[in-house]
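The values are calculated or read from the model by the stated rules, or taken from the named source; none is laboratory data. From a predicted model like this one, the values you see are computed outputs, not experimental measurements. Using ideal geometry, Cβ is built from the backbone for each residue, glycine included, and neighbour counts are taken over all protein chains shown. Side chains are part of the model used for accessible areas, which takes the heavy atoms of the whole protein and leaves out ligands, DNA and RNA. Shrake-Rupley method; radii C 1.70, N 1.55, O 1.52, S 1.80 Å.
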Amino acid sequence: MRPRLLINLTVFICLSRGLLYAQTAKITGTVKDSSGNPVAFASVKIAGTKLAASTDFNGRYRFDNIPSGSYAITVSELGYKTLSINVSIKSEEAKVIDFMLHSESIEMNEVVVKSRTSKNGMGHISEVEDGIIYSGKKTEVLQLDSMNANTAQNNPRQVLGRIPGSNYSETEGSGFPSNGIGFRGLNPTQSIETNVRQDGYNITADLYGYPESYYLPPLEAVERIEITRGEGSLVFGPQFGGAINYIIKNGPSDKTFEFTTAQTGGSYGLFNSFNSIGGTIHKWNYYAYVQYEGVDGWRPNSDVRQVLGFGRIEYKANEKFKIGLEYSMLRNQIHMPGGLSDMQYDASADQSFRARNWITSPWNIMALTSSLQLSPKSLLTFKSAFNVSQRNLVWKNEDGGPQTADSISPVTNTYVHREVEHEGFESSTSELRLLSNYNIFGVQQTFTAGVRYYDGYMKRQEGGPGSTGSDFDLNLYGGKYANDLDFYTQNLALFAENTFHIGYRFSVTPGFRYEYLRSSAKGYITDDTTRVNINRAQTRYIPLGGIGLQYQTTHATNLYANISQAYRPTDYSDQTPVGVSSKIDPDLKDASGYNADLGWRGNFDGFLNFDLGAFYLAYNNRIGIETLTDANGNPYTYRTNVANSVNKGLETYIEFNPFKAFVKNSKIGTLSFFNSFAYIDAKYTSGQFKGNMVEFAPKTINRFGITYSIKAFSTTFLISNTSKSFADANNTIYSPDASVGIIPAYQVMDWSGTIRVKNYSLKFGINNLANAKYFTLRTDEYPGPGIIPSIGRSIYFGFEAKF
């Protein structure tokens, strides 16, 4: 054992002092592949000397204190052709030398893998990637093959739980098809504050009018997840919560055909079957999967049956141009057990008083992606997605809340008629981006600009007279829909950013985005018994600005800071809500504000990975829920612009591997610890609720995990602690209306393990190990209203094979 941490810190201090005073020559630059993507951890050596370096996550390298003379510089990395160039350098000269590596197929003998590691388990996105500038922005990237997790059920704690400040609405077991996510105290319900993408394109129902996530790809098909927070308004859109991007796997480049199958079983009748094929044939790469999931459910009336499918084919014409076509689909049928009142939840969280509520959300997304390397320094990318999807619901009208029984009438000897809702979505989103590198005084600068056009249509029909039965039946019986509306949204966005490198360590990235947004509604609604015709439209012009700063403290660490404006228009759910028990303010206003970040991130010699930061989020005209009292003294909830608010706090992620730090060659495996912590001070700063906590914003979110690996075996234990929060601006502790009240603090433990032998894997684990009784959501709409309990202890066991 040896104290490598102390040695590294001493070396770092000495080098920092040397950089301040040395007058010798320097060489810096980047190493990228033929597509312009950074090559991390490439070896860069100066022949005839002891000087050697390794590129960082952004592909950058640096040499200092080089004596004048002529040298050969060699760059090598597995999977690429070794590149060597001759260079002459004079005293006190600073040269910038960039390398472009080309891929190389290598035929090797059989390799026995004794242990598995991932270069990018949890890190941040490169400074430039896929035609997008990330310099100075708060980013995270999760590499799924380096994690032990229940990917068969998309467990959010085990995968996204590493992201500091990530909060979830766990609804998948109670009737909503995908768990929602929110960051920094923002509302996690249905991920409405976050720009949700797959392979860089939009997959939500509607970009602005109905920004809800019904479809998410199965994590078994996901290679990595990229998260951009804070300054997301310039590169993706004006959302306060930034963006989350699920990157689907590619077919292997060294095989013409590969078949993967994973079969998972577990508690409450879980059966998940995931099967994929992929490969490369000449210039064509393909990948496709089909997943079937069936589960009887933890609560009665919570059974789910769904099929997801995906297919991609990509043609790489040459080193400069490639084009791909993707199709994603979802077919599901979900039984909704309904929400609970406080009294019902206290008696038993795993009960249900609704047997006649159903939802289905068939989803279809077709996407075209392409990239063109215009020159060694310029890249043009284009992504276009077309969405044709639906959301259909049949349920017992929830007037009166969960405490109102859905029982057979003694007069009619039948149940009351259910209510049928239908929503149809048709939209297209196209983004064209240009990225170009250029030099100023020998230092590389980066410029990017682009345009996005979105056109969306939504058909909303609600209040249709459904059947008196209990089965899945979307037919109407004896009448028309009470409300029938057509919504249209058009959006044109222009954006540009430029990274100015001042020297070789410091960069400034100013940016600007201009949004044109037009929304309209036509049709009719029924107010009591009166039909009211609707014909209204609104046009918005939204300028947004921001700036990011980044300082490279070492080749693998940097300081970052940014500030960026954000914006959220009122959406269709606010204006004409479906299945909502609250009253709605008819004069809702759009929300606006800004995000700011300051932090330090990076890694030390592979044994310490960290991101330590602070944030400040100003949110004006926040839309939330107030609790009011009617003329008879009965409480009711009112959705309105509550007030201005500020969310501020700290976000830290630390992962430490003591074996890598102190033991050169461990024979007893490897051990790592990680801690994801967020302190969130989210309060209203104006109005009658000044000083109250913002809804769904816990003060602290703390997760601690331990991973141990030896040879083919790896296991992870995770403990998650989330403090209390509230569901309304009044910070109500208890109300007869269960859609508001306290969301108590909770602690959940998860354990998982993996055994890998050649091309075979066994996966197993227990979620909610201590069988904690908790919930993450109170809601005034479906799948409630009321308390939506989270799933109790569950066990899973799976087998995976590759051929």
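Things to note:
- Number of the condition not met by residue 426 [criteria: (1) part of a strand (DSSP E or B); (2) closer than 29 Å to residue 780 by Cα; (3) open to solvent by less than 50 Å² (accessible area, probe 1.4 Å)]: (3)
- Failed item in (1) within 27 Å of residue 380 (Cβ to Cβ); (2) surrounded by 14 or more Cβ atoms within 10 Å (Cβ to Cβ); (3) not hydrophobic (A, V, I, L, M, F, W, C), with residue 543 passing the rest: (2)
- Set 764, 775: member being within 25 Å of the chain's Cα centre (by Cα), more than 25 Å from residue 700 (Cβ to Cβ) and surrounded by fewer than 22 Cβ atoms within 10 Å (Cβ to Cβ): 764
- Checking each residue in the range 759-786 for being outside any strand (DSSP E or B) and touching a residue at least 24 places away in the same chain (Cβ under 8 Å) picks out 759, 768, 769, 772, 773, 774, 780, 781, 782, 783, 784, 785.
- Qualifying residue in the range 481-493 (condition: among the aliphatic types (A, V, I, L, M), part of a strand (DSSP E or B) and over 25 Å from the mean Cα position of the chain (by Cα)): yes
- Residue list for the range 243-275, filter: open to solvent by 30 Å² or more (accessible area, probe 1.4 Å), in a strand (DSSP E or B) and among the polar types (S, T, N, Q): 263, 275
- Failed criterion for residue 239 (all others in (1) closer than 21 Å to residue 800 by Cα; (2) of a type outside the set (A, V, I, L, M, F, W, C); (3) open to solvent by 20 Å² or more (accessible area, probe 1.4 Å); (4) not in a strand (DSSP E or B) hold): (1)
- If you go through the range 83-106 and keep only what is under 19 Å from residue 48 (Cβ atoms) and either modelled with pLDDT under 80 or charged (D, E, K, R) (or both), you end up with 90, 91, 93, 95.
- Beta carbons closer than 6 Å, at least 6 apart along the sequence or on distinct chains, pair a first residue in the range 526-537 that is open to solvent by 100 Å² or more (accessible area, probe 1.4 Å) with a second that is modelled with pLDDT of 85 or more and in a strand (DSSP E or B) for 531/524; 533/524; 535/522; 536/521.
- Of the residues making up the range 648-667, none is under 29 Å from residue 340 (Cα atoms) and aliphatic (A, V, I, L, M).
- Wholly enclosed strands (runs of 3 or more DSSP E) of the range 552-651 bearing at least 1 residues over 25 Å from the mean Cα position of the chain (by Cα) and within 19 Å of residue 689 (Cα to Cα): 608-629
- Boolean, residue 213 is surrounded by 20 or more Cβ atoms within 10 Å (Cβ to Cβ), under 27 Å from residue 131 (Cβ atoms) and touching a helix residue (DSSP H, G or I) at 6+ places or on another chain (Cβ under 8 Å): yes
- In the range 653-667, the residues that are under 30 Å from residue 166 (Cα atoms) reach residues that are open to solvent by 80 Å² or more (accessible area, probe 1.4 Å) with C-beta atoms within less than 8 angstrom, at least six apart or across chains, in these pairs: 660/605; 661/605.
- Test: residue in the range 526-538 that is within 30 Å of residue 601 (Cα to Cα) and either assigned to a loop (DSSP other than H, G, I, E, B) or under 27 Å from the mean Cα position of the chain (by Cα) (or both): no
- Identity of the residue in the range 323-351, touching a Ser or Thr at 6+ places or on another chain (Cβ under 7 Å) and free of Cβ contacts under 8 Å to residues at least 60 places away in the same chain, that ends up least open to solvent (accessible area, probe 1.4 Å): 324
- Here residue 504 clears all of (1) surrounded by 14 or more Cβ atoms within 10 Å (Cβ to Cβ); (2) in a loop (DSSP other than H, G, I, E, B); (3) modelled with pLDDT of 90 or more except the condition numbered (3).
- The residues of the range 277-319 include none that are aromatic (Phe, Trp, Tyr) and out of contact with any strand residue (DSSP E or B) (no Cβ under 9 Å at 6 or more places or on another chain).
- Residue selected from the range 605-659 under the condition open to solvent by 50 Å² or more (accessible area, probe 1.4 Å) and among the β-branched types (Val, Ile, Thr), by the criterion modelled with the lowest pLDDT: 629
- Considering 36, 29, 18, the condition of being modelled with pLDDT under 75 and either within 23 Å of residue 438 (Cβ to Cβ) or assigned to a strand (DSSP E or B) (or both) is satisfied by 36 alone.
- Screening residue 749 on (1) modelled with pLDDT under 95; (2) in a strand (DSSP E or B); (3) of a type outside the set (Asp, Glu) shows it passes everything except condition (1).
- In the range 683-709, residue least open to solvent (accessible area, probe 1.4 Å) [restricted to those that are aliphatic (A, V, I, L, M) and in a strand (DSSP E or B)]: 701
- Residue 448 vs. criteria touching an Asp or Glu at 6+ places or on another chain (Cβ under 7 Å) and in a strand (DSSP E or B): yes
- Scan of the range 46-91 for residues that are of a type outside the set (A, V, I, L, M, F, W, C) and surrounded by 18 or more Cβ atoms within 10 Å (Cβ to Cβ), ordered by number: 55, 56, 58, 59, 60, 61, 62, 71, 77, 80
- Subset of the range 385-419 (residues that are under 30 Å from residue 235 (Cα atoms) and open to solvent by less than 30 Å² (accessible area, probe 1.4 Å)): 385, 387, 389, 391
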